[in-house]
Amino acid sequence: MSTLLEVSGVSVSFDGFKAINNLSFQIAERELRAVIGPNGAGKTTFMDIITGKTRPDEGRVTYGERALSLLSMSESRIAQAGIGRKFQRPTVFEDQSVADNLMMALKKDRGPFAVLFFKPSAADRTRVEELAAEIGLSGALHRKAGELSHGQKQWLEIGMLLAQEPRLLLVDEPAAGMTPAEREHTTDLLREAAKTRAVVVVEHDMEFVRRLDCKVTVLHEGSVLAEGSIDHVTQNEKVIEVYLGR
Amino acid sequence: MADTTLATPVRRPFALRYPSVMIFLAVLALFTLGVTVLSEGFGIGVISTSFVKTLGKTLCLCLVALAMDLVWGYCGILSLGHMAFFGIGGYAIGMWLMYARTEMIVVESLAAADLPPTAQEISDGIATQIFGVVGASEFPPIWAFAHSLPLQLAAVVLVPGLLALVFGWLAFRSRVTGVYLSILTQAMTLALSLYLFQNDSGLRGNNGLSGLQNLPGLDDTPQAIVSVWFLWASAFALGAGYLLCAWLVSGKFGSVIRAIRDDEARVRFLGYPVEGFKLVVFTLTAVIAGIAGALYYPQAGIINPAEIAPIASIYLAVWVAIGGRGRLYGAVIGAAFVSLLSTWFTGGQAPDIVIGSLRIQWVDWWTVLLGLSFVAVTLFAPKGIGGLVDLLADRRSPNRHGAALGPEPGALREKEADQ
């Protein structure tokens, strides 16, 4: 499989604190990957760098066949290039309906004037309904997103990401605050998504990662500590020491 | 339509989907008709010409409040500079009005001379008339197009638009947001006003432009008639502006700018160029403000730099907040209500209140009352006067937020029943 995203030798520090230290990471197309690590390991900063929110002090981040450098692109350009991100805290537009949220996320021309003259076609509406069905919100299309439960908001956000049709999906703690049944559904959603695109899941919960059944990257103090199957990394002594042992 | 399925109903016409727009336009038309019938110029003369002008000016203030609501209430940019764009529009049209009328007077007075006046003499005559008050007798470069109505009309739109475009581009590109952006817009307004106060700004310093109520070539038309013309023009502009704003906020564009207001960073990660959207909204609203100003000042008769002072833009924000931001009619109600009330209080019509030795004269105390109401609205009724509409609508048919209308599993959902 060809490499979709390559992060090499990236470092970033905030006020002298090295959040990311010479980190290298690769993910192929249609790969599911879990990234774990204790608090402060740099998981969120790692996502911030890929999505353009944080500029690294050194290193390279390249994406796609043409090895596009993401470091000179704005957040919106990176998103348009096909990298979608789900935040830890569900961030949906609470003041607007589920349908509006999904419609906004649909992959379309994002320029102000294209948006101004945009008219949703029958196909667009059908797509929104399909997405709503996929995330279990068919009955709530016209409800305001703010009225949804926490778990439903998480799904809506995942639905919005799928609507963007990204090639690379970055998901930050998707199962946080979910009931066991909701977790199950989320696992299915993510594994289904990974059949057509690359998915990186940042997660705290070892059980959840085990259910994802994929390659795992363990971060510690801003760099990669171990990489491999879940059984492989959980038997790694360094990993046990810094993470699992506590 | 054949290609739509049951689940995707045919889109109803704009008017039906947004009844508030039609109600607004109907009310505006009735109001305009009513004032016309009651005016001195065209009707039975119950309403004085000066009050017709006050009403016409109020319509212009409603229009600029709409612009403010779009940029602040919908897009979340608290601009404290939109009255500067309003003022620029006023100056642009004022220059032509003043030039063209002075030209007629000068030509008339020179016509009595033995030799026909040269173009240079006429030009000098106009310049002396206009700039004598600031001790100059030559046209500053800024007046280069003042002889031409089309060019000055273009300036009404282009100068506020370009200023907003450049200012917005610099500010949004640097990701200046929130209160810092407000301060920056305020600084721009203050700088502009201070510049215009100088005599060598070329716009007659603190004297400003005057006599704008006299339309060149229409000396024989009484103000009673002209005032109603301007009322019509203002009402038309307000109606058109309302339709434009309603269209803008109704579709996906409205969705995106409200999303920017609520969570700018998230919109960026959806792939939308947030800065571009802000710039479009900021520039467009500046142009609307410029047009409103160009209609306002001929009715006011005079414009001077004090009109551009920062406080004017703060008042604008207060109107929109009191009326209810994030809904278009809220802005209009707020601007009309507060500015008319302000006219009443500051016009000396409100009776003084005497409490012991304290005598409350409203001319001075009105600002205090306004300030207190602003604080009260912000704290206790953030939806403003427009929120009352929600109360009424909720009482008539409670908002079920799209939920089922009845207890049976097969009951229509609210949205389905609407269609």
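Report whether or not B:Ile303 is crowded, with 17+ Cβ neighbours inside 10 Å, farther than 30 Å from B:Arg17 by Cβ and not basic (Lys, Arg).
On the way: crowded, with 17+ Cβ neighbours inside 10 Å: yes; farther than 30 Å from B:Arg17 by Cβ: yes; not basic (Lys, Arg): yes.
Here the answer is yes, as B:Ile303 does meet what is asked.
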Mind listing whichever residues of the stretch B:233-265 are of a type outside the set (Gly, Ala, Ser), away from every other protein chain (no Cβ under 14 Å) and surrounded by fewer than 18 Cβ atoms within 10 Å (Cβ to Cβ)?
B:Phe236, B:Leu243
In the stretch B:160-199, what residues are within 17 Å of B:Ala312 (Cα to Cα), surrounded by 15 or more Cβ atoms within 10 Å (Cβ to Cβ) and without any contact (Cβ under 8 Å) to a residue 24 or more places away in the chain?
B:Leu184
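Can you pull out the residues in the stretch A:141-157 that are of a type in the set (A, V, I, L, M, F, W, C) and surrounded by 23 or more Cβ atoms within 10 Å (Cβ to Cβ)?
A:Ala145, A:Trp155, A:Leu156
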Which condition from (1) more than 14 Å from chain B (Cβ to nearest Cβ); (2) within 13 Å of the chain's Cα centre (by Cα); (3) hydrophobic (A, V, I, L, M, F, W, C); (4) surrounded by 20 or more Cβ atoms within 10 Å (Cβ to Cβ) is the one that A:Ala194 breaks?
(4)
Could you figure out which of (1) modelled with pLDDT under 95; (2) under 14 Å from the mean Cα position of the chain (by Cα); (3) of a type outside the set (Ser, Thr, Tyr) isn't true of B:Val287?
(1)
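Could you grab me the full set of residues in the stretch A:93-105 that are assigned to a helix (DSSP H, G or I) and within 7 Å of chain B (Cβ to nearest Cβ)?
Matches in the stretch A:93-105: A:Asp100, A:Met103, A:Met104, A:Ala105.
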When you go through B:Leu391, B:Leu379, B:Leu370 one by one, which is the residue that is under 26 Å from the mean Cα position of the chain (by Cα), outside any loop (DSSP other than H, G, I, E, B) and loosely packed, with under 15 Cβ neighbours inside 10 Å?
B:Leu379
Index of the failed condition, B:Ser137 passing every other in (1) within 30 Å of the chain's Cα centre (by Cα); (2) at pLDDT below 90; (3) not charged (D, E, K, R)
(1)
Does any residue of the stretch A:28-49 turn out to be over 21 Å from A:Glu203 (Cα atoms), among the hydrophobic types (A, V, I, L, M, F, W, C) and not in a loop (DSSP other than H, G, I, E, B)?
no
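Tell me, please, whether a residue that is more than 8 Å from every other protein chain (Cβ to nearest Cβ), within 19 Å of the chain's Cα centre (by Cα) and surrounded by 17 or more Cβ atoms within 10 Å (Cβ to Cβ) can be found in the stretch A:106-126. Walk me through how you get there before you give the answer.
Start the filter on the stretch A:106-126 by keeping residues that are more than 8 Å from every other protein chain (Cβ to nearest Cβ), which leaves A:106-109, A:114, A:117, A:121, A:123-124.
Checking the rest, the ones that are also within 19 Å of the chain's Cα centre (by Cα) come to A:106-107.
Add one more test, that the residue is surrounded by 17 or more Cβ atoms within 10 Å (Cβ to Cβ), and what stays is A:106.
Yes, that holds for at least one residue.
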Please work out if A:Ala34 is closer than 14 Å to A:Glu173 by Cβ and away from chain B (no Cβ under 14 Å).
yes
Does the stretch A:106-162 hold any residues that are in a helix (DSSP H, G or I), of a type in the set (A, V, I, L, M, F, W, C) and over 30 Å from B:Leu284 (Cα atoms), and which are they?
A:Ala122, A:Ala123, A:Val128, A:Leu131, A:Ala132, A:Ala133, A:Ala140, A:Trp155, A:Leu156, A:Ile158, A:Leu161, A:Leu162
Working only within the stretch B:27-64, note down all residues that are under 21 Å from the mean Cα position of the chain (by Cα) and of a type in the set (Phe, Trp, Tyr).
B:Phe31, B:Phe51
If you scan the stretch A:29-78, which residues turn out to be in contact (Cβ under 8 Å) with a residue 60 or more places away in the chain and surrounded by fewer than 14 Cβ atoms within 10 Å (Cβ to Cβ)?
A:Glu65, A:Ala67
Residue in the stretch B:303-328 that is nearest to A:Gln96 (Cα to Cα), counting only those that are assigned to a helix (DSSP H, G or I) and of a type outside the set (A, V, I, L, M, F, W, C):
B:Gly323
So B:Ala67, is it closer than 23 Å to B:Ile308 by Cβ, assigned to a helix (DSSP H, G or I), at pLDDT 95 or above and in contact with a His (Cβ under 9 Å, 6 or more places away or on another chain)
yes
Tally the residues that are away from every other protein chain (no Cβ under 11 Å) and either within 30 Å of A:Ala145 (Cα to Cα) or not in a loop (DSSP other than H, G, I, E, B) (or both), restricting the search to the stretch A:51-92.
13
Quick one: which of B:Thr32, B:Thr36 is part of a helix (DSSP H, G or I), in contact with a Phe, Trp or Tyr (Cβ under 7 Å, 6 or more places away or on another chain) and either surrounded by fewer than 19 Cβ atoms within 10 Å (Cβ to Cβ) or free of Cβ contacts under 8 Å to residues at least 40 places away in the same chain (or both)?
B:Thr36
So, A:His204, is that one assigned to a loop (DSSP other than H, G, I, E, B) and either surrounded by fewer than 22 Cβ atoms within 10 Å (Cβ to Cβ) or modelled with pLDDT of 90 or more (or both) or not?
yes
Could you list, ordered by first residue, the pairs with Cβ atoms under 9 Å in which the first is in the stretch B:50-76 and under 11 Å from B:Ala335 (Cα atoms) and the second is in a loop (DSSP other than H, G, I, E, B), at least 6 apart or interchain?
B:Met68/B:Ser79; B:Met68/B:Arg325; B:Asp69/B:Gly324; B:Asp69/B:Arg325; B:Asp69/B:Gly326; B:Asp69/B:Arg327
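Any chance you could count how many residues in the stretch A:129-171 are charged (D, E, K, R) and facing chain B (nearest Cβ under 10 Å)?
Keep residues of the stretch A:129-171 that are charged (D, E, K, R), which gives A:129-130, A:134, A:143-144, A:147, A:153, A:157, A:165, A:167.
Next cut, facing chain B (nearest Cβ under 10 Å) only: A:129, A:143-144, A:147, A:157.
Residues flagged as charged (D, E, K, R) and facing chain B (nearest Cβ under 10 Å) within the stretch A:129-171 amount to 5.
Here is a list: A:Gly139, A:Gly159. Which entry is without any contact (Cβ under 8 Å) to a residue 60 or more places away in the chain and closer than 21 Å to B:Asp262 by Cβ? So that I can check it myself, show each step before the final result.
Values: A:Gly139 fails: closer than 21 Å to B:Asp262 by Cβ.
Exactly one of A:Gly139, A:Gly159 is without any contact (Cβ under 8 Å) to a residue 60 or more places away in the chain and closer than 21 Å to B:Asp262 by Cβ, namely A:Gly159.
The values are calculated or read from the model by the stated rules, or taken from the named source; none is laboratory data. Note that the structure is a prediction, hence the values are computed from the model and not measured. With ideal geometry, Cβ positions are generated from the backbone for all residues, glycine too; neighbour counts draw on all protein chains shown.
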